[in-house]
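Colleague: Handing you this structure, nothing more for now.
The values are calculated or read from the model by the stated rules, or taken from the named source; none is laboratory data. Computed from a predicted model, the values in this text were never measured in an experiment. Virtual Cβ from ideal backbone geometry, glycine too; neighbours counted across all protein chains shown. Just so you know, the surface numbers come from the protein's heavy atoms only, side chains and all, with ligands and any DNA or RNA stripped out. Shrake-Rupley method; radii C 1.70, N 1.55, O 1.52, S 1.80 Å.
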Amino acid sequence: MSNLRIYGVARTRAFRALWIAKELGLDYEHIPIDIGDAGARSPEYLAINPNGRLPAIDDGGFGLWESLAITLYLAKKHGRLYPTTLEGEAKAWQWTLWSVQEVDRGVNIWSLHAVRLPPQDRDPQRRADALKVLEAPFKVLDGALAGRLYLLGDDFTVADLNVSAVISRAIDMDLSATPRIGDWLKRCLERPAAREARALRAAADAAVPVEVTRAIARHNRL
């Protein structure tokens, strides 16, 4: 039995943990629990993650429940995809925190009202507002990619994984105004490990009843 357990359905932020595990070639057990008393509110899960939030990992008794911290931890522990300099490490953390603060909500709103909600539930105004919110941070990201293939240079790192995972649901967005982002996002999401993780997420998405997606949008005010 693997020492690493990843908790959470692949359509949630567990996608990021699954992607890094596949990038690193780790042996892991995926426990695709969801919200509710039988999942994230169960005593077994709360013993690992008192927050009752998803996802989480249990790595041989060490628990961690923030998805972007999970990816940084696993990359550093296993000595791959993690920056080798203090400056690179700081930049990896910078871009990781930036992606959550600046683009995560906008991407979620856009993807719900462009793709994930049934057509009759999509709000064109909310979609347009999300694009406006994303315009400035996407220009920052596009500028950071000038003259390089990836965020920290010419090699894919956990910084690229974290940021591209956060905005991965925007892959169908019109990125013509920021072409470097489009090219970079394609490079990141076409990696074999990314394709495998995205396939898990697509299958999880397909299994979600429409009512659940609607409830997620209402609960998170998206």
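Colleague: Of the residues that make up the range 158-173, is at least one touching a His at 6+ places or on another chain (Cβ under 9 Å), open to solvent by less than 10 Å² (accessible area, probe 1.4 Å) and either free of Cβ contacts under 8 Å to residues at least 24 places away in the same chain or not in a loop (DSSP other than H, G, I, E, B) (or both)?
Modeller: no
Each row is one residue, and each column tells you yes or no for (1) among the hydrophobic types (A, V, I, L, M, F, W, C); (2) over 24 Å from Val9 (Cβ atoms).
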position: Ile31; (1), (2): yes, no
position: Ala56; (1), (2): yes, no
position: Leu64; (1), (2): yes, no
position: Trp93; (1), (2): yes, yes
position: Val115; (1), (2): yes, no
position: Gln125; (1), (2): no, yes
position: Ala130; (1), (2): yes, no
position: Pro137; (1), (2): no, yes
position: Leu141; (1), (2): yes, yes
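Colleague: Between Ala69, Ala114, Ala130, which is among the small types (Gly, Ala, Ser) and crowded, with 21+ Cβ neighbours inside 10 Å?
Modeller: Among Ala69, Ala114, Ala130, only Ala130 is among the small types (Gly, Ala, Ser) and crowded, with 21+ Cβ neighbours inside 10 Å.
Colleague: Still on this model: Just to be sure I understand, how many residues within the range 133-145 are surrounded by 22 or more Cβ atoms within 10 Å (Cβ to Cβ) and not in a helix (DSSP H, G or I)?
Modeller: Of the residues in the range 133-145, 0 are surrounded by 22 or more Cβ atoms within 10 Å (Cβ to Cβ) and not in a helix (DSSP H, G or I).
Colleague: Tell me which residues, restricted to the range 86-99, are over 13 Å from Asp160 (Cα atoms) and open to solvent by less than 70 Å² (accessible area, probe 1.4 Å).
Modeller: Ala90
Colleague: Of the numbered conditions (1) within 17 Å of the chain's Cα centre (by Cα); (2) of a type outside the set (Val, Ile, Thr); (3) open to solvent by less than 30 Å² (accessible area, probe 1.4 Å), Ala203 fails exactly one; give the number of that condition.
Modeller: Among (1) within 17 Å of the chain's Cα centre (by Cα); (2) of a type outside the set (Val, Ile, Thr); (3) open to solvent by less than 30 Å² (accessible area, probe 1.4 Å), Ala203 violates only (3).
Colleague: Turning to a different aspect of this structure: Report, ordered by the first and then the second residue, all pairs with beta carbons closer than 9 Å, sequence separation of six or more or different chains, a first member in the range 121-141 that is on the phi < 0 side of the Ramachandran plot, and a second member that is surrounded by fewer than 16 Cβ atoms within 10 Å (Cβ to Cβ) and basic (Lys, Arg).
Modeller: Final answer for the pair search is Asp121/Arg214.
Colleague: Give just the number: which of (1) exposed (fewer than 13 other Cβ atoms within 10 Å of the Cβ); (2) more than 25 Å from Ala206 (Cβ to Cβ); (3) without any contact (Cβ under 8 Å) to a residue 12 or more places away in the chain does Arg148 not satisfy?
Modeller: Evaluating Arg148 over (1) exposed (fewer than 13 other Cβ atoms within 10 Å of the Cβ); (2) more than 25 Å from Ala206 (Cβ to Cβ); (3) without any contact (Cβ under 8 Å) to a residue 12 or more places away in the chain leaves (1) as the failure.
Colleague: Also, quick follow-up: If you check every pair at least six apart or on different chains, which have Cβ atoms under 7 Å apart with a residue in the range 197-208 that is under 17 Å from Val166 (Cβ atoms) and of a type in the set (D, E, K, R) first and a residue that is at pLDDT 90 or above and not in a helix (DSSP H, G or I) second?
Modeller: So the pair list comes out as Arg201/Ala10.
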